[in-house]
Every structure is written in structure tokens, then in C-alpha cells.
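Following: one structure in C-alpha cells, then a few remarks.
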Amino acid sequence: MTDTTTATWVEACARDDIEPEDVIRFDHDGHTYAIYRSPDDHFYCTDGICTHEHAHLSDGLVMDEIIECPKHNGRFDYRTGEAKGAPVCIDLRTYPVRIEDDKVLIRIS
């Protein structure tokens, strides 16, 4: 659980920077995040690096609520971070997202 006393909301991008059923990379303070827009127009955020090997998930393929890693085709549910397909077996960390004035903000600690 995130400690809300040290958590900060950070502007990651504009709402229109992400097409539905797509992902973009966001780097902040030495950390890489992946920001997703679901087919039903909700926004999500996970760690941006695959837990199996060092690959940027923003280079992967989004299908419905699944992100497929570009390196070995491991799959995650980007809504929950749950590892869904070999070779990945470690879940991704997820981050709360909110929309303010057409900006996508993520809460990080």
C-alpha cells in the first residue's frame, strides 16, 4: 500500500496523448512508467519495465486490457499488474491515475 503522506501526484501527459487501447512511456525522477488508455476510455499506470527482462513495455502491444512485452511476449493485465503469460511470473506495480483538466496524473511515492 502506498504511503499517502509521501505520495505525490505528477502530470504524466495530456489525455489526448494516448489513443484508446494504447500505451506510452513516461519517465520521472529516474523511474520509467507505462501509461495506458483502455478501450473503454479509462487510464492506468504500471511500472514501465517488464519484470522478466529489461524491456520497455511502451514498445509492446496492447490488446484489450493486456500489455504484451516486446522482448519475449510475456503478458500482464495492466489494470491490476497481474502477470498473465509466460515467461513473466512477477506482477507489475500499479499506480493510481486521475484526470484533471484533460491531464493524466499518476500518484507516486
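Taken together, the values in this text are just the output of simple stated rules run on the coordinates, not laboratory data. Computed from a predicted model, the values in this text were never measured in an experiment. Here the Cβ positions follow ideal geometry from the backbone for every residue, glycine too, while neighbour counts run over all protein chains shown.
Explain nothing, just compute: Karplus ³J(HN,Hα) = 6.51 cos²θ - 1.76 cosθ + 1.60, θ = phi - 60°, for every residue of the range 74-87 in order, whole Hz, x for Gly and Pro.
x, 10, 10, 7, 6, 6, 10, x, 5, 5, 10, x, 4, x
Going by a ≥ b ≥ c, the root eigenvalues of the Cα gyration tensor, does the range 8-108 fall in the rounded group (a/c under 1.5), the prolate group (a/b larger than b/c) or the oblate group?
prolate
Please turn the phi angles of the range 53-62 into ³J(HN,Hα) values with the Karplus equation 6.51 cos²θ - 1.76 cosθ + 1.60 (θ = phi - 60°), one per residue in order, whole Hz, x for glycine and proline.
9, 6, 9, 7, 5, 5, 8, x, 10, 9
Given H placed 1.01 Å from N in the peptide plane, which residues other than close sequence neighbours of ALA12 have an amide H under 5 Å from its amide H?
Correct list: VAL104, LEU105, ILE106.
Can you give me the long-range amide H partners of LEU61? Hydrogens built in the peptide plane at 1.01 Å from N, cutoff under 5 Å, separation of 5 or more residues or another chain.
Under 5 Å from the amide H of LEU61: GLU68.
Take LEU57, LEU92 and order them by how many other Cβ atoms sit within 10 Å, fewest up front. Don't jump to the answer; show the numbers that get you there.
Details: LEU57 28, LEU92 23.
In increasing order of surrounding Cβ atoms, one gets LEU92, LEU57.
Could you list which residues have their amide H under 5 Å from that of TYR33, counting only those 5 or more apart in sequence or on another chain, with H placed in the peptide plane?
PHE26, ASP27, HIS28, GLY48
Going by Cβ distance under 4.7 Å, what cysteines of the chain have no possible disulfide partner?
CYS13, CYS45, CYS89
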